[in-house]
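Worksheet for the structure shown next.
Every number here is computed from the coordinates shown, using simple stated rules; none is lab data. If you're wondering where the values come from, they're calculated on a predicted model, not measured in any experiment. Here Cβ is always computed from backbone atoms with ideal geometry, including for glycine, and neighbour counts include all displayed protein chains.
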């Protein structure tokens, strides 16, 4: 078996995990990512205090734990900002008849409202996004080790996406 096939099989398994358990996994990934950010940032700051390497490592781990905990809590804020940003950028296509200064105010108000609304629906949004991401990974890597006509592949991926989302809604 070639390295490409092994990589593809691993990617498909990761895609299946995202499809069926993405909501649960994303919480772990967010926490680990923020832990890593805290650990690395502390690694840049701690050397200025001229402490022993053991103390430096302990401080980095503590900083990672603190930022990991905060990052997990800030998940809703990150979603609000991302959705508000996307809505703000998209509204230019629909709001054209107003005074340019008023356009900015209307876009800000609508984007913040939609972003805030998205935070109340974080679970279904994350389930759909992780199921879509997982099925997209599968679509990209499944043809590496299986020959599937593109129309059949599209149907298989749609079934995987919908099935994964249903599994997540039932188990989360």
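Summary table below
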item: Global size of segment 89-172 as Cα Rg and Dmax, reported in angstrom; result: 19.1, 56
item: Relative contact order of segment 1-84, defined on C-alpha pairs under 8 angstrom at six or more residues apart (%); result: 33
item: For segment 33-48 and segment 101-163, distance of Cα centres in Å; result: 32
item: Percent RCO, i.e. relative contact order, over the chain, from Cα pairs under 8 Å lying at least 6 residues apart; result: 38
item: Gained length - residue 85 relative to residue 3, 0.36 nm times residue gap less alpha-carbon distance; result: 25.5 nm
item: 17 Å cut-off, amide nitrogen to a point 7 angstrom out along residue 41 Cα→Cβ, residues in segment 66-85; result: 66-79
item: Cα coordinate range in segment 26-172, projected on the principal axes (Å, largest first); result: 60, 56, 29
item: Cα gyration tensor shape of segment 1-88, rounded if a/c is under 1.5, else prolate or oblate by comparing a/b with b/c; result: oblate
item: Estimated distance in nm for a label pair at residue 11 and residue 66, the labels positioned 7 Å out from Cα along Cα-to-Cβ; result: 4.0
item: Separation of the residue 97 and residue 146 label points, Cα + 7 Å toward Cβ, nm; result: 5.1
